[in-house]
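Enquirer: Take this structure first; my questions come after.
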Amino acid sequence: MELSYCIKLKELPTSIGKLTALQKLNLLGCFKLKELPTSISQLTTLQELNLFQCSKLKELFTSINQLMALQELKLLYYIELKELPTSIGELMALQKLDLSWCYKLKKLPTSIG
């Protein structure tokens with residue numbers, strides 16, 4: 001699903017969790033997006049999640065470990081991100097994690113080795 005530069009988008013509907021066959025979710029440049037619904041963890045076939053320049057997001061959902069097919073997670077320029085949930089270490093399919101320009105991120109959880 002391509003939602004790049006939907007600059008007025010403040011939230012995703014909780015019904016996004018019903019898109020169980022979704023493989024890519026691109027939210028690049030959704031500057032006003034403040035949070036992701038918890039239902040996003042129901043996207044068990046999601047392989048790519050791009051949150052590049054989602055600068056208003058303050059935290060990554062703790063149930064991210066339920067995205068078992070996730071291979072690529074882009075968190076570039078995620079300004080408000082201070083920590084990653086420990087559960088991120090349970091993403092066994094994850095091949096690429098990009099944390100460039102996450103200025104407030106102080107440390108990585110021990111769960112990601």
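Every number here is computed from the coordinates shown, using simple stated rules; none is lab data. Here the structure is a predicted model, which means the values were calculated and not measured. Please note: Cβ atoms are built from the backbone with ideal geometry, for glycine as well, and neighbour counts cover all protein chains shown.
Enquirer: Over the Cα atoms of the chain, how large are the radius of gyration and the largest Cα-Cα distance (Dmax), in Å?
Expert: 12.8, 37
Enquirer: For the chain, with only Lys/Arg (+1) and Asp/Glu (-1) charged at the beta-carbon, what is the dipole magnitude about the Cα centre, in debye rounded to 20?
Expert: So the dipole magnitude of the chain works out to roughly 360 debye.
Enquirer: Let me ask you something else. Just list whichever of Lys56/Lys96; Lys18/Lys104; Lys58/Lys107 have alpha carbons separated by over 25 Å in the model shown.
Expert: From Lys56/Lys96; Lys18/Lys104; Lys58/Lys107, over 25 Å: Lys18/Lys104.
Enquirer: Continuing with this model, one more query. Quote to one decimal, in nm, the extra length available between Ser100 and Thr20 on full extension: 0.36 nm per residue of separation minus the C-alpha distance between them.
Expert: Gain on extension, Ser100 to Thr20, equals 25.9 nm.
Enquirer: Using a cut-off of 20 Å between alpha-carbon atoms, which aspartates and glutamates can reach Lys10, once sequence neighbours fewer than 8 places away in the same chain are excluded?
Expert: Reachable aspartates and glutamates: Glu2, Glu35, Glu59, Glu80.
Enquirer: Just rank Tyr103, Tyr5, Tyr77, fewest to most, by other beta-carbon atoms within 10 angstrom.
Expert: Ranked by crowding around the Cβ, least crowded first: Tyr103, Tyr5, Tyr77.
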